[in-house]
Structures are given as C-alpha cells and as structure tokens.
Number of protein chains: 4
Amino acid sequence: MSPPQSTVYFRVLYADTDQMQTYYNARVLEWFERGRNELLRELGKAYRLWEESGIMLPVREVWVRFEGRAEYDDRLKLDTSVSMPSKAQIRFDCRIEQADSGQAVCHGHTVHAIVSEMGRPVRPPGWLVELIAG
Amino acid sequence: MSPPQSTVYFRVLYADTDQMQTYYNARVLEWFERGRNELLRELGKAYRLWEESGIMLPVREVWVRFEGRAEYDDRLKLDTSVSMPSKAQIRFDCRIEQADSGQAVCHGHTVHAIVSEMGRPVRPPGWLVELIAG
Amino acid sequence: MSPPQSTVYFRVLYADTDQMQTYYNARVLEWFERGRNELLRELGKAYRLWEESGIMLPVREVWVRFEGRAEYDDRLKLDTSVSMPSKAQIRFDCRIEQADSGQAVCHGHTVHAIVSEMGRPVRPPGWLVELIAG
Amino acid sequence: MSPPQSTVYFRVLYADTDQMQTYYNARVLEWFERGRNELLRELGKAYRLWEESGIMLPVREVWVRFEGRAEYDDRLKLDTSVSMPSKAQIRFDCRIEQADSGQAVCHGHTVHAIVSEMGRPVRPPGWLVELIAG
C-alpha cells in the first residue's frame, strides 16, 4: 500500500525570492509546512485537531536538496507523503516541481517527534497510527 | 527633553533581499522590532521583562515610507525613539539609513496598545510612564 | 464605477504565528503581496508581465491597522482593490477578515511608484491606465 | 589544523518565534546564513566580494537537527566552520546554543556549489582554496 499523499499548488511570491532571482532556501521549509498541513487535513484530521487532542509534532530534523530554480510567479506543485519510521516519529517527504514543465525544484523531508503538550514523548494514540500507517 | 533613543547597526542578509536586488518590504518590520527591543533594553527594562510584569504591547498600526535601496551585505544604521501619544499607546519611530553614506533607506513607526496578558487595555504602571515619558 | 477588486482565501501557517499565538505583524505584508498579485492576474495582466513590459511597481509606502487575532490554521479572506491616486502612483487597499465569522483581522494599503527597469519614473502606458482606471 | 571558524551572538526576535513559543524551524536557515556571512568576512573576503569575483555559492543541500528550545529574547551563540568536501563544493557546519547556559539549540550544515554568474560549475580559484583549505 502506498503511503498517504496529497498535492498542493502555489505561486512563488516576491517574498520568496532573493537577489539570485530564485527562491531563498529557508522559504522551502514554509512550503513544506503548507504541504503537511494540507495532507493531514485531507487525511481527515487537521493538525490543529491533533493539538486539541494533546498531540504535538515538533520538528526534530529537516533535510532539503535544492535542484532547480523557481522564479517569481512560477506555479509550483508540492507533493507530500507521510510515514512512521518508528513508534516515536512521523516523517513527511516533500517534492516540489514546476507545475507546467515538471522540472525538479527541490525535495526533502522533515522528521517530527510525537509529544504531549508538556513536550514529553507519548505513545501514539490509535487514531494516529491508523491515520498514518493505515 | 528629547525622547529616549537608541541606535543599532546590522547588515542586509540574502534572506532580506528579493529579486529587485534590494530589501523586501516586509523585512523592515522585523528590523523595526529589533530596534524597539534594543531601545527598551537600553532604557533599563527589556520587553521580555515588561511581559513578565504583565504588560503586553501588541502592534496596532504600522506605517513605513520606503526611500532608498539597500543591497545584500550593506551595513545599515537604525535609529529608534519611543513616545506615548496617549495614556493607552506607545509609539516607536524608526529611521534606517546606509551606515556609511547616510543615504536614507526607509522610515516609519509602529503604534502599540498597552494591554494585560488577557489582552485587556490597562492603565500604564508608574515604571512604564517614567521609563518612556521621563 | 467601483474599483477593480479580487478575493483570495488562505490559511494561517505556523510560520505566520508568533509567541502571542496570533499572526506576526510583518507577515501581513506578504499576504498583501499575494492579494495584489492575484488581483492583477484576474484583471488580465499578471505583474510578471508588467515587468516584462518594462514597468516596475516598487513599494513606496505601507500602512496597516491591526484589528483582531488570527490563529494557526484559521481560514482568512483577503479582499484587494486597486486605484491610481495620481499619474505616478498605484495604490492597493487590502482588508483581511476571518473567512467564517467575518471578524476583522487587519486592513491597510500599499502605495507603489510606476518606474522603468532603471528605476526612473515613467508615464503610465495606455494599457495600465485602462486596466486600473477602467 | 582545525578548519576556519567564527562565532556570532544574537537574540531571538518575536519574528523568529511561533505559537509553540520557541523558534520556527525555517528561521534557523537565516541564522545559518548570518553565520557563514560573518565567517567569510572574518576570513578576509566577504561573500559580496566573492560574487564580485564571479564566484557564486548557491545552496545545494541543508540539514538541521533541532535539539532544544530558544525563546523570545534568548541570547544565542552560533559557531560556524567551513570546509571543502570536494573541489566542487563548500560546506558550512553550524552549531547554535544558548549563550548563557551552553544548552544545545540546534546544529546542521549547508552544502554549496561553486558556480559562475551564469550558474555553471567552475574550478575554484586559488584564493578560494587558500582561504578555505588553508
């Protein structure tokens, strides 16, 4: 079974660019956030509701490989999938490409701990495992 | 008596630039934040301590006029002064110029409400009035 | 005749929030950029094409009044309209409210010069006046 | 011989925080940029001058591990070192900790290609190799 996945489209803002006339590296992590927000919403439980259930997913690790340019107003396609590499972690894999040409822009992942509101590691509740691991 | 004032110097990052090869407009509001943080610290009570005293200063209004370019790695000079236009508000005036040439970059102000942790307007305590209004 | 207008909807990211648990003031200027980009696209000529026609619209002035909170994942509605206060300027007025409740979040405007690629003021071409001033 | 290194100190802004009351993950990449800018300046040739020499260092890869909290106004210490993993790449390793307690905040690295203004890979000039590899 393939992992849960979703796709969002968006355009590069001036705010995303830098003087090399392409996107600034840090902005990718905001795009990744948008991708995982929408994936969890589509899976049926928006991250806001995770927090209301007492589950927080602080970022523990990020990795990005930058592959191609994306200029102001380019329309980008962001694919996000989610998995559980262990009982204690959730991982989102993201891939961004030019929506029109399919040319690679960047890809990477974020790894998140599963903790309580107090920041303590918690055993993932049943709904979470079912949502992610199917 | 002139209003309390302080000066900070900083350099433009790639993160601050956009594809027009000058600073992106929103970044100025982060620079203004740095200016007012340092001014309050120099006055003797860092804003972090204001919050610990139960006083919050949410931004109610910002205004900026953009006057000149600032490119990557330019060294900028930011002057900030503070005043109380009324019993209910604190205002910071900021001016940014090129540190070397003195050429104007931008200037503006932010207006802040004086509220409790619950977001309710509060009468400014004595220490606050003394700090700002001398 | 009412001025050209458009509406976009978006959700608040963690990236937009700060420790007061509402949106950070500078992020509003990025939202305003999104609004004017989409308005110009809907009017029939995306800003990217303005630049290809040799017309740049650097920001000369911004003003924002902050009216209400917007928390992580709140869905916001942004209305943008455009006008020409003079032959040399274009102005965008923006209003953001909670999409569900209609509660005010903030409103403001940006004023832009009309310049050439070299940064020199230019007489607005016919297509521009027709697009904005109808 | 130990690799070239430098240290900068800075404070967390409200702009850096999110509603978890610690720094937002993407902001770390801006801090890393500050670190490598200052390191290259201290080594004797600011990155601005690299670009004037026709050498660009676009980011090809970033990796960050998040270890601890950093709240608004915390004073942080950022150590950056630089190395050349190959003739075609420059790598910056960054470590951020609480300036007072030494508690770990995060660490990571960025890997950069060495390219011409046209974006083509170039053989690193002598001054570059001497600067980095000593």
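Could you tell me whether any residue of region C:100-113 is more than 14 Å from C:Trp31 (Cα to Cα) and either modelled with pLDDT under 95 or hydroxyl-bearing (Ser, Thr, Tyr) (or both)?
yes
If you check C:Arg27, C:Arg11, C:Arg34, which single one turns out to be more than 24 Å from C:Trp127 (Cα to Cα) and in contact with a Leu (Cβ under 8 Å, 6 or more places away or on another chain)? Give the derivation first.
Details: C:Arg27 fails: in contact with a Leu (Cβ under 8 Å, 6 or more places away or on another chain); C:Arg34 fails: more than 24 Å from C:Trp127 (Cα to Cα).
None of the others qualify; the one that does is C:Arg11.
So C:Ser81 clears everything in (1) away from chain B (no Cβ under 11 Å); (2) small (Gly, Ala, Ser); (3) not in a strand (DSSP E or B) except one condition, right? Which one?
In the conditions (1) away from chain B (no Cβ under 11 Å); (2) small (Gly, Ala, Ser); (3) not in a strand (DSSP E or B), C:Ser81 misses (3) alone.
With respect to B:Glu97, is the statement that it is at pLDDT 95 or above and in a helix (DSSP H, G or I) true?
Values: at pLDDT 95 or above: yes; in a helix (DSSP H, G or I): no.
Judged against the criteria, B:Glu97 is not a match.
What is the one condition in (1) in contact with a strand residue (DSSP E or B) (Cβ under 6 Å, 6 or more places away or on another chain); (2) more than 14 Å from chain C (Cβ to nearest Cβ); (3) surrounded by 20 or more Cβ atoms within 10 Å (Cβ to Cβ); (4) aliphatic (A, V, I, L, M) that B:Leu40 does not satisfy?
(1)
For D:Lys45, work out the one condition from (1) under 30 Å from D:Val129 (Cα atoms); (2) within 12 Å of chain A (Cβ to nearest Cβ); (3) part of a loop (DSSP other than H, G, I, E, B) it doesn't fulfil.
Among (1) under 30 Å from D:Val129 (Cα atoms); (2) within 12 Å of chain A (Cβ to nearest Cβ); (3) part of a loop (DSSP other than H, G, I, E, B), D:Lys45 violates only (2).
From the list C:Glu30, C:Glu52, exactly one residue is surrounded by fewer than 21 Cβ atoms within 10 Å (Cβ to Cβ), among the charged types (D, E, K, R) and more than 10 Å from every other protein chain (Cβ to nearest Cβ). Which is it? Spell out the reasoning first.
Details: C:Glu30 fails: more than 10 Å from every other protein chain (Cβ to nearest Cβ).
Checking each option against the conditions leaves just C:Glu52.
Suppose we keep only residues that are among the small types (Gly, Ala, Ser) and in contact (Cβ under 8 Å) with a residue 40 or more places away in the chain within region A:78-113. Which one would you say is surrounded by the most Cβ atoms within 10 Å (Cβ to Cβ)?
Top of the filtered list is A:Gly108.
Could you list, in sequence order, the residues of region A:55-77 that are within 13 Å of another protein chain (Cβ to nearest Cβ) and part of a strand (DSSP E or B)?
A:Met56, A:Val59, A:Arg60, A:Glu61, A:Val62, A:Trp63, A:Val64, A:Arg65, A:Phe66, A:Arg75
If A:Val82 meets every condition in (1) under 23 Å from C:Arg34 (Cα atoms); (2) touching a strand residue (DSSP E or B) at 6+ places or on another chain (Cβ under 7 Å) apart from one, which number is that one?
For A:Val82, the exception is condition (1).
Can you find a residue that is more than 7 Å from every other protein chain (Cβ to nearest Cβ) and of a type in the set (A, V, I, L, M) anywhere in region B:13-27?
Looking through region B:13-27, none of the residues is more than 7 Å from every other protein chain (Cβ to nearest Cβ) and of a type in the set (A, V, I, L, M).
Give the residue that is surrounded by the fewest Cβ atoms within 10 Å (Cβ to Cβ), with candidates limited to residues of region B:55-77 that are of a type outside the set (D, E, K, R) and more than 14 Å from the chain's Cα centre (by Cα).
This residue is B:Gly68.
Might you check whether a residue that is of a type in the set (Phe, Trp, Tyr) and either loosely packed, with under 15 Cβ neighbours inside 10 Å or part of a loop (DSSP other than H, G, I, E, B) (or both) occurs anywhere in region C:114-133?
Yes, region C:114-133 contains at least one residue that is of a type in the set (Phe, Trp, Tyr) and either loosely packed, with under 15 Cβ neighbours inside 10 Å or part of a loop (DSSP other than H, G, I, E, B) (or both).
So C:Gln5 clears everything in (1) surrounded by fewer than 23 Cβ atoms within 10 Å (Cβ to Cβ); (2) without any contact (Cβ under 8 Å) to a residue 60 or more places away in the chain except one condition, right? Which one?
(2)
The values are calculated or read from the model by the stated rules, or taken from the named source; none is laboratory data. Since the structure is predicted, the reported quantities are computational estimates derived from the model, not experimental observations. No Cβ is skipped: glycine too gets one built from the backbone with ideal geometry, and neighbour counts run over all protein chains shown.
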